[in-house]
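This report refers to the structure that appears directly beneath it.
The values are calculated or read from the model by the stated rules, or taken from the named source; none is laboratory data. Please read all numbers here as calculations on a predicted model, not as lab measurements. Cβ coordinates were reconstructed from backbone atoms using ideal geometry, including for glycine residues, and neighbour counts include every protein chain displayed.
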Amino acid sequence: MQRRPQRVLAASAAALTALTLAACASSDRDSGSGEGGGEEAQSGGTLVFGAAGDPAMFDPAFGSDGETFRVARQIHEGLLTNELGGTEPVPQLAEDYEVSEDGLEYTFALREGVKFHDGTDFNAEAVCFNFDRWYNFEGLAQSPSASYYYQAVFGGFASTPDTPSIYESCEATDENTAVIRLTQVTSKFPAALSLPAFSIQSPTALQEYDADNLSGSEDALSYSEYALEHPTGTGPFKFESWDRGNGEVTIVRNEDYWGDPALLDEIIFRTISDQNTRRQELQAGSIDGYDFVAPADYQTLEDEGLQVLVRDPFNILYLGFNGGNVPGTSANPALKDLRVRQAIAHAIDRETIVNSLLPEGAEAATQFMPPTVDGWADDVTTYEYDPDRARQLLQEAGAEGTTLRFFYPTEVSRPYLPDPAALFQVINQNLIDAGFTVEPTALPWNPDYLNAVQAGQADIHLLGWTGDYNDAYNFIGTFFAEASNGQASAEFGAFSNPEIFAALAQADAEPDASARTEQYQEANRLIMDYLPGVPISHSPPALVVAENVQGLEPSPLTAEVFSTVSLSD
Amino acid sequence: MTAIGDVRRRRIDELAARAGQVPEGEGGVSLTKSAFRRLRRNPVAITGAVIVVVFLVVAAFAPLLAPRDPLAQTLLGEIRPGFIPGAREGFPLGADELGRDLLSRLIVGSRQSLLIGVVSTVLGVVVGMALGVLAGAFGGWVDTVVMRFIDIILSIPSLLMAISISVLLGQNQWSLVIAIAVTQVPVFARLLRGSMLAQRGSDYVLASQALGIKRSRIVFGHVLPNSLSPLIVQATLSLATAIIEAAALSFLGLGDPDLARPEWGAMLSNAQDFLSVRPELAIYPALCIIVVALGFTLLGESLREALDPKFRR
Amino acid sequence: MLRFVVRRLLQLIPILLGLSVLLFAWLRALPGGPAQAALGERATPEAIARYNELFGLDQPLYVQYLRFLGRAVQLDFGNSARTGRPVTEEFLERMPGTIELTLFAMVFAIGVGIPLGYLAARRHGSWLDSASVIGSLLGVAIPVFFLAYLLRLLFAVELGWLPGSGRQEVRIDATRITNFYVLDGLLTREWDAAWDAFTHLVLPGIALGTIPLAIIVRITRASVLDVVNEDYVRTANAKGLATSTVRRRHVIRNALLPVATTIGLQTGLLLSGAVLTESVFAFGGVGSAIFDAIFARDFAVLQGFILILAVVYVLVNLLVDISYGLLDPRVRVR
């Protein structure tokens, strides 16, 4: 039970904010007492940040959720990252890269003089070690819940010839040059390398702590010692401890960071799952900031002098329809009729939803990706709020009063969906007004809800997506690309529309950027004509921090880095 | 939250034992009659009864009493993040977070809340009674098996039991009712069995047996009716806990999935998100729950006192 | 006495076996079964089939049950789907917090409840009496989570007197020995840590202790009133004993008998209440773990925690029965 062996240095309650760990208190720093610094960003101090959930572990290669990545982003770095406060991929551990003409070979020139937290060198061999590690995952590491992002970007593994991988090889041609070869062109590459899942981790530590050894019991995946206790990256913060009983992750400044060192001595991510508690803890001063601010609280918090940092909307909320082709499920066959789908689209009052339920800055969506992404088309078919038209379409289709099994998640707040219950109730009423009958099903978000809707059990369901990087395929490809045998994913009822599939595949494989943009615009037009769901809104999620927290740049990808954050007095 | 556990178990047994104490004296006035007479003189009982009756009447005539459609999102257009319209003409208590009339929702919500309480208690009484009668009337191995089963259910703290059942049944309107009913079953089973055992040795049972009357007739004709008064007391008290427990389950996200259908517990737990904007959204349903629970508790406690021979002086 | 204890212990066996069957059946009856529960989110039918084969879930039920029982006896309840850690480990880590909290709640309920109940009975019919009766009725009628919200809003947010969540201010880096934070602080002489941990117990402890408080007030009052009317008290009074002696020797001692047993019997109530209170106060104990497990549908944790808590509950009840036997000679006769 001894998990934090350090002794407390200072002991007076008044000096709490100035407390530092004995083990890593730097002798030359005046931690937070306020003498030095002046107007310049001061260094030192501890930031306590309220997280909405526990991270799963700290090996991002096995991560797929935001809370895991929130911590991983501070510890680990990839070849690329996203520009501060933006969505464009920019070099990080790679200084530069070149693409061969056929689009299959990427040559990365790596940053020199970078060291992992364990003191070993970052170099081309380490990069290739990581790529080969992912490609050679075995056993439980291949399960979708473990290596989700690898599979989403690269496909299969070395040991799964049936599901080929687009990864071919990685070669360290010299100390600081890594050449990565792919088997086919994809628009996901290289932007996908900015995902935290593709962080470069210390080969020494990965081996020493048996990182790939996922054990499974009858009930769950258990991560390796590496992932739980010894994550070793190159980032501005180092992993310190994880107090799982209290949901507290502590990371400390990496003094040997290759870039500008972090300003804070220490960050503690504390899990507070209830958003009211998070707000009250911030108001009471026991945490310095938190994520997923309820839209209703933006004003209250600002009035109290707290800083609400609103991110640009980079997400999509939609109502998905069931195409009715998933074996073993039964969807309402009326949804196969375009007029019924159009009736639903006309029935939904998106303006009111955006104005009344979503935070200021939210906008109604016309298609399944935000306007800031290349490939957004301004001339797609749109569906205005028009209950009469909806009723008329329904009548023409002969489906008045048809029953829709409407699934919605409970007890969850997503960046694109702050209050699912309220949204459900409004859309529910819209649909009833337009002459539908609704049969609601509420399920807890993870895993029940995601399981159910991704298996095609709902007639209509609410879901959304926050983009991982600036790429159209990351949105519409994720939703509507051909999943298998000429059908879309089960989430959309495995509908079959060869035109959409062809358009997406063609755009994904197009190396020329401007040609690709046009092809994605065409895909968006096709999608909005076919209407496999109704895009509803793009909304700006927000973080909030105390008055004295400086330098936190909100990221549309919800990918904030804390190395530039400091505490003033 | 409920006062389940052994407090209740022991209290149940005490209550049960009273059924065996056949009324004596009082010039032939039956226990029920004299109890009723004492109740009418007890201000506590009257307060409880008035509360209960008022809420029952409101629930029964809810659609007529509600000034507006509780589902109509009339003021939705005026709602902005961080602003919910307060009281105004036509909306005496203001609107809820989706622009619906709060007063109408409270009134119509009484129906659902009381229904959950009543149905789950009735279900608990019926199943519990069946098990109790089975155990009490047959004795022997039937008794042993039934009571062991009851003990197993009682060994899980009530809320945990209700959680397990709700999770198992999935979220729908009835899983809540069933979950609460199951936590009530052992209470009533124990109560019935206890009171039947207490009466087994009583003179009139012995006399009936001596007269050769069939066992079923003794059980249903004499023993069961005599066990009714403790049953009524316990059922009244259970109604209060059932309503509070329903609110707790709603808070745990295990309530009715159709949020449009107003119910106090769901309204209360839903309103936690708007405490900083309009605390009334939480306060009113909470008050309703507290007052109704109080009403049933007052009534139940005074019934208990009235039926207790110790107080017959 | 020993025979009584042994007999009671033997009686536990069928109850525990029944419980294990019930909880085993519960997990199997869930939609999708354990494989779905474990693989979660994106599990394909093939993955589920492979998983079932790997862990013997395709074997007959009784084989699976025996294996489950075999592991349960060794306190192995599998791993949490959410964290991947052994359920037992999580339980042991979180139990000290819940024990601290329930102890605080109990001390609060007893410390306030008995004097209040006694005074109410002594001044039968006074305003204090009426107030305590009404208060004890209200205490049982308020939904615990709502009371918790009110307490936190008032004392933590508005007034800022007490911490409103967690077990320890995160900026205090206290040494952990036993995971009983107050005790740890005392053992290591980190007084500020101990005091801080204690202040974190106050609000959730009061919220959790309200129902037991209400019950204790009511029972103390009723039992003092009962005892005052007993023959032996009248006899003692008639003998001319000093009022204080009568009170001390006869009234209080005898009145406390039912109270003492009631106190022991509040465990189930506290365990249920802890789920709600701990989650409102983000208090890292067993209750908040159950709350999280409900939302994450972490069945292994729910199953294991409920089974262990039920065993704890049964054992506490046993202790209470034994102590009842010690206190009340009439029970021993049987």
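Points to keep in mind about this one:
- Residues of the stretch A:419-435 that are of a type outside the set (A, V, I, L, M) and assigned to a loop (DSSP other than H, G, I, E, B): A:419, A:435.
- Test: residue B:281 is modelled with pLDDT of 85 or more, surrounded by 23 or more Cβ atoms within 10 Å (Cβ to Cβ) and in contact with a helix residue (DSSP H, G or I) (Cβ under 6 Å, 6 or more places away or on another chain): yes
- Subset of the stretch C:226-254 that is in contact with a helix residue (DSSP H, G or I) (Cβ under 8 Å, 6 or more places away or on another chain) and within 28 Å of residue C:104 (Cα to Cα) - its residue that is nearest to the other protein chains (Cβ to nearest Cβ): C:254
- Odd one out for residue A:221, checked against (1) out of contact with any Leu (no Cβ under 9 Å at 6 or more places or on another chain); (2) within 14 Å of chain C (Cβ to nearest Cβ): (1)
- Sole residue being surrounded by 22 or more Cβ atoms within 10 Å (Cβ to Cβ), part of a helix (DSSP H, G or I) and at pLDDT below 85, chosen from B:225, B:230: B:230
- Taking helices (runs of 4 or more DSSP H) as the structural unit, those lying wholly within the stretch C:122-207 and holding at least 1 residues that are of a type outside the set (S, T, N, Q) and within 14 Å of chain B (Cβ to nearest Cβ) correspond to C:127-141, C:144-151.
- Candidate set from the stretch A:444-462 (those that are among the aliphatic types (A, V, I, L, M) and more than 7 Å from every other protein chain (Cβ to nearest Cβ)); member that is surrounded by the most Cβ atoms within 10 Å (Cβ to Cβ): A:458
- Of all residues in the stretch C:73-98, those being of a type outside the set (D, E, K, R) and more than 13 Å from residue C:298 (Cα to Cα) number 10.
- Among the candidates C:108, C:104, C:91, residue that is surrounded by fewer than 24 Cβ atoms within 10 Å (Cβ to Cβ), within 14 Å of another protein chain (Cβ to nearest Cβ) and of a type in the set (Phe, Trp, Tyr): C:91
- Residue match in the stretch B:58-77 (condition: modelled with pLDDT of 85 or more, closer than 26 Å to residue B:275 by Cα and under 25 Å from the mean Cα position of the chain (by Cα)): yes
- Test: residue in the stretch A:198-206 that is touching a helix residue (DSSP H, G or I) at 6+ places or on another chain (Cβ under 6 Å), among the small types (Gly, Ala, Ser) and within 14 Å of chain C (Cβ to nearest Cβ): no
- Residues satisfying the stated conditions in the stretch B:65-86, i.e. surrounded by fewer than 14 Cβ atoms within 10 Å (Cβ to Cβ), of a type outside the set (D, E, K, R) and in a helix (DSSP H, G or I): B:77
- Every test in (1) surrounded by 20 or more Cβ atoms within 10 Å (Cβ to Cβ); (2) more than 7 Å from every other protein chain (Cβ to nearest Cβ); (3) at pLDDT below 90 is passed by residue C:113 save one, and that test is (3).
- The residues listed here are A:153, A:127, A:179; of these, the one that is at pLDDT below 95 and among the β-branched types (Val, Ile, Thr) is A:153.
- The residues on offer are C:301, C:286, C:314, and the sole one that is more than 9 Å from chain B (Cβ to nearest Cβ), in contact (Cβ under 8 Å) with a residue 60 or more places away in the chain and under 12 Å from the mean Cα position of the chain (by Cα) is C:286.
- Being assigned to a helix (DSSP H, G or I) and in contact with a Phe, Trp or Tyr (Cβ under 7 Å, 6 or more places away or on another chain) is a description that does not apply to residue A:392.
- Selected residue (only one of A:141, A:109 is touching a residue at least 24 places away in the same chain (Cβ under 8 Å), in a strand (DSSP E or B) and over 14 Å from residue A:198 (Cβ atoms)): A:109
- Summed over the stretch A:502-516, residues that are touching a helix residue (DSSP H, G or I) at 6+ places or on another chain (Cβ under 8 Å) and either in a helix (DSSP H, G or I) or within 30 Å of residue A:52 (Cβ to Cβ) (or both) total 6.
- Any hit, the stretch B:105-126, residues being in contact with a Ser or Thr (Cβ under 9 Å, 6 or more places away or on another chain), free of Cβ contacts under 8 Å to residues at least 24 places away in the same chain and within 14 Å of another protein chain (Cβ to nearest Cβ): no
- Matching option when the condition is more than 9 Å from every other protein chain (Cβ to nearest Cβ), crowded, with 21+ Cβ neighbours inside 10 Å and at pLDDT below 95, among A:311, A:279, A:270: A:311
- Residues within the stretch A:304-344 that are under 22 Å from residue A:368 (Cβ atoms), of a type in the set (A, V, I, L, M) and touching a Gly at 6+ places or on another chain (Cβ under 7 Å), tallied: 6
- For the stretch A:65-117, filtered to residues that are acidic (Asp, Glu) and more than 19 Å from residue A:179 (Cα to Cα), the residue that is surrounded by the most Cβ atoms within 10 Å (Cβ to Cβ) is A:67.
- For the criterion of being more than 14 Å from chain B (Cβ to nearest Cβ), touching a residue at least 12 places away in the same chain (Cβ under 8 Å) and surrounded by fewer than 21 Cβ atoms within 10 Å (Cβ to Cβ), residue A:437 fails.
- Any hit, the stretch C:174-185, residues being out of contact with any strand residue (DSSP E or B) (no Cβ under 8 Å at 6 or more places or on another chain) and over 30 Å from residue A:267 (Cα atoms): no
- Hey, residue B:100 charged (D, E, K, R) and closer than 19 Å to residue A:352 by Cβ or not: yes
Yes/no matrix, rows are residues, columns are (1) closer than 23 Å to residue A:246 by Cα; (2) assigned by the TED database to the domain that holds residue C:198; (3) not in a helix (DSSP H, G or I):
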| residue | (1), (2), (3) |
| --- | --- |
| C:237 | no, yes, no |
| C:244 | no, yes, no |
| C:253 | no, yes, no |
| C:259 | no, yes, no |
| C:274 | yes, no, no |
| C:282 | yes, no, yes |
| C:288 | yes, no, no |
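- In the stretch A:499-517, residue farthest from residue A:486 (Cα to Cα) [restricted to those that are surrounded by fewer than 16 Cβ atoms within 10 Å (Cβ to Cβ) and within 26 Å of the chain's Cα centre (by Cα)]: A:513
- Restricting attention to the stretch A:376-422 and to residues that are over 30 Å from residue A:448 (Cβ atoms) and surrounded by 23 or more Cβ atoms within 10 Å (Cβ to Cβ), the residue that is nearest to the other protein chains (Cβ to nearest Cβ) turns out to be A:390.
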